[in-house]
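As structure tokens, the structure follows; a few thoughts come after it.
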Amino acid sequence: MKGYIYTMFAGADPGQGWTMTDPIYGKVPTLGACMPNIRRAVEQNDYIFSVSGKVQNVKQYVVGGFSVDEKINALAAYKRLPENRMHVGTQGDLFGNIIVDANGKHLECDYHKDHERRIENYIIGKDPVVIEAANQIEKARKETLYVLNQLFSKNEDSVHKILGRWRKLDVMQIKDLLTWMNHIRTG
């Protein structure tokens, strides 16, 4: 078992009102178009974690994670998870992480480049752990930098200096991260 932790793009912070489009931490957690390198590398029972994107004057935090259950292609995901089909909401917000239509054609509303390499390895997860209540987010913001420094034996002043865009996790790091996240959620 291995894991990966990555930082979402700038502004992608659900604690600041950003709508989670990818990953989606629903009843069935998924990762659809983002991070094709991680989606390609993971296998069943590996873990994927995400950290909020950078927002000026706001501390980043570990948003959530889940275990990989299976990998399918985007067209199979389109048929299986209609609730995750990408669409534009009434306020212009983007929803969903399946970036193809019923024929497998790339959706114009999708902002990703290199569509061809993003349609494989749609991740269906299990056992999601998500930091979502306001008090949980506040506590996670205060502790994330410290926890990541401890996990990776660093002493940095920013998430980016520890993770860059993404970083691999070993079994012990996964267990320690899950323990901390569950403590945040129940504490």
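The values are calculated or read from the model by the stated rules, or taken from the named source; none is laboratory data. Not measured: the values here are computed from a predicted model. Here Cβ is always computed from backbone atoms with ideal geometry, including for glycine, and neighbour counts include all displayed protein chains.
Among the residues of the stretch 17-30, those identified as modelled with pLDDT under 95 and farther than 14 Å from Y111 by Cβ are G17, M20, P23, I24, Y25, G26, K27, V28. When restricted to residues that are buried (at least 17 other Cβ atoms within 10 Å of the Cβ) and either of a type outside the set (A, V, I, L, M) or in contact with a strand residue (DSSP E or B) (Cβ under 8 Å, 6 or more places away or on another chain) (or both), the stretch 131-142 contains 5.
Applying the criterion of being part of a strand (DSSP E or B) and hydrophobic (A, V, I, L, M, F, W, C) to the residues of the stretch 1-29, the residue that is surrounded by the fewest Cβ atoms within 10 Å (Cβ to Cβ) is I24. Summed over the stretch 1-16, residues that are of a type outside the set (A, V, I, L, M) and closer than 11 Å to W166 by Cβ total 4.
Checking each residue in the stretch 152-179 for being in contact (Cβ under 8 Å) with a residue 40 or more places away in the chain and in a helix (DSSP H, G or I) picks out V159, H160, L163, V171, Q173, I174, L177, L178. Given the criterion in contact with an Asp or Glu (Cβ under 6 Å, 6 or more places away or on another chain) and not hydroxyl-bearing (S, T, Y), identify the matching residue among I72, I48, I99, I38. I99 is the lone residue from the list that is in contact with an Asp or Glu (Cβ under 6 Å, 6 or more places away or on another chain) and not hydroxyl-bearing (S, T, Y). Of everything listed in (1) at pLDDT 95 or above; (2) surrounded by 16 or more Cβ atoms within 10 Å (Cβ to Cβ); (3) touching a helix residue (DSSP H, G or I) at 6+ places or on another chain (Cβ under 8 Å), the single unmet condition for P128 is (3). Note on the stretch 90-125: among residues that are among the hydroxyl-bearing types (S, T, Y) and not in a strand (DSSP E or B), the one that is surrounded by the fewest Cβ atoms within 10 Å (Cβ to Cβ) is T90. Scanning the stretch 2-42 for residues that are free of Cβ contacts under 8 Å to residues at least 40 places away in the same chain and either in contact with a Leu (Cβ under 6 Å, 6 or more places away or on another chain) or within 14 Å of F66 (Cα to Cα) (or both) yields a single hit, K27.
The single condition among (1) modelled with pLDDT of 95 or more; (2) more than 16 Å from G125 (Cβ to Cβ); (3) not hydrophobic (A, V, I, L, M, F, W, C) that Y78 does not satisfy is (1).
Between D157, D176, D170, the distinction of being of a type in the set (D, E), within 16 Å of I48 (Cα to Cα) and exposed (fewer than 13 other Cβ atoms within 10 Å of the Cβ) belongs to D170 only. Any chance the stretch 37-50 includes a residue that's over 27 Å from K175 (Cβ atoms), more than 16 Å from the chain's Cα centre (by Cα) and not small (G, A, S)? No: the stretch 37-50 contains no residue that is over 27 Å from K175 (Cβ atoms), more than 16 Å from the chain's Cα centre (by Cα) and not small (G, A, S).
Here D93 passes the criteria (1) of a type in the set (D, E, K, R); (2) farther than 25 Å from P36 by Cβ; (3) more than 17 Å from the chain's Cα centre (by Cα) except the one numbered (2). Beta carbons closer than 6 Å, at least 6 apart along the sequence or on distinct chains, pair a first residue in the stretch 51-71 that is touching a residue at least 60 places away in the same chain (Cβ under 8 Å) and at negative phi with a second that is surrounded by fewer than 20 Cβ atoms within 10 Å (Cβ to Cβ) and outside any strand (DSSP E or B) for K54/A10; K59/R141; Y61/R141; S67/N45.
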